[in-house]
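The values are calculated or read from the model by the stated rules, or taken from the named source; none is laboratory data. Since this is a predicted model, take the numbers as computed values, not measurements. Cβ placement follows ideal geometry from the backbone for every residue including glycine, while neighbour counts extend to all protein chains displayed. Note: areas computed on protein heavy atoms with side chains; ligands, DNA, RNA excluded. Shrake-Rupley method; radii C 1.70, N 1.55, O 1.52, S 1.80 Å.
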Amino acid sequence: MLLSDTDAPRVAQALVGLGAVRIAAHQPFIYTSGWASPVYVDAQLLMSDVVLRNEIMDMAARRVQPLVAARGINAIVGTESSGIAFAAWLAERLDLPMLYLRKRPVGWDITAQLEGRLPADAKVLLVDDVTTDGRSKAGTVAALRRAGPLVEDVLVLLDYALYAQQASTLANHGLALHALATWRHLHEALLASGTLSAAQQATLADFSASPVAWSIRNGGTGA
């Protein structure tokens, strides 16, 4: 599920306008998932711009409100550390409890990785900033499920939506991914900004045409 045709480009424009989209000059970015990319998106910059932050979180709340009602979602969980702030702002708008999931457990019982208190019969929405191929989100959800809640939905600000295996990864883990924008919107916003050199335009076009091949050629994974 994406934002509307109007809202998704706006999210991309905001990220580009903030300078949150970095383009590699020489060395490619290697994501934690192993993919090599010419682009890195620092969505955390949204935290510091009050106007844009409020605009985008208002969009997110409007978009997921029907999902929350339909699914019976009764809590929002952010990932440490990239999803915590966005989860908190979204939970405030939806009037729902907010928790966050640590990267690693601290303590000994089943809730050692989860900070906050789950409601009864917890059904949660996991919130993070960016996803590439969905593998890290599937792993995060597996850890979250060990604490007891039902988790079927993940919300991210940006889904690259370029890697073919994402659909099977999410399906195998019983997950639906919801994004405010995709790489297509971000690429269009970058081109419209008029700030790209001819070399950068060529690099991004090459990456968009075949991100897997681009990754392999530049030292990243090809799996």
Long-range amide H partners of Glu152, meaning residues 5 or more apart or on another chain whose placed amide H is closer than 5 Å, are Val124
Quick P(r) readout (the chain; Cα-Cα; 10 Å bins; whole %) gives 8, 33, 36, 19, 4, 0
Diffing segment 150-159: the Karplus 3J(HN,Hα) column from phi (6.51, -1.76, 1.60, θ = phi - 60°), in whole Hz with x for Gly and Pro, holds 7, 10, 10, 9, 10, 10, 10, 5, 9, 10
Taking only protein heavy atoms and a 1.4 Å probe, the highest-to-lowest accessible-area order of Glu92, Glu115 is Glu92, Glu115
Taking a probe of 1.4 Å and leaving out DNA, RNA and ligands, segment 65-198 shows per residue an accessible area in Å² of 45 Å²
Quick calc, the chain, dipole around Cα centre from Cβ unit charges on Lys, Arg (+) and Asp, Glu (-), nearest 20 debye, gives 420 debye
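Output the peptides 190-201, 74-85 sorted from most to least packed, where packing is the average of other Cβ atoms within 10 Å over each peptide's residues.
74-85, 190-201
Find out how many positive minus negative residues lie around Trp214, taking Lys and Arg as positive, Asp and Glu as negative, among other residues whose Cβ is under 15 Å from that of Trp214.
-1
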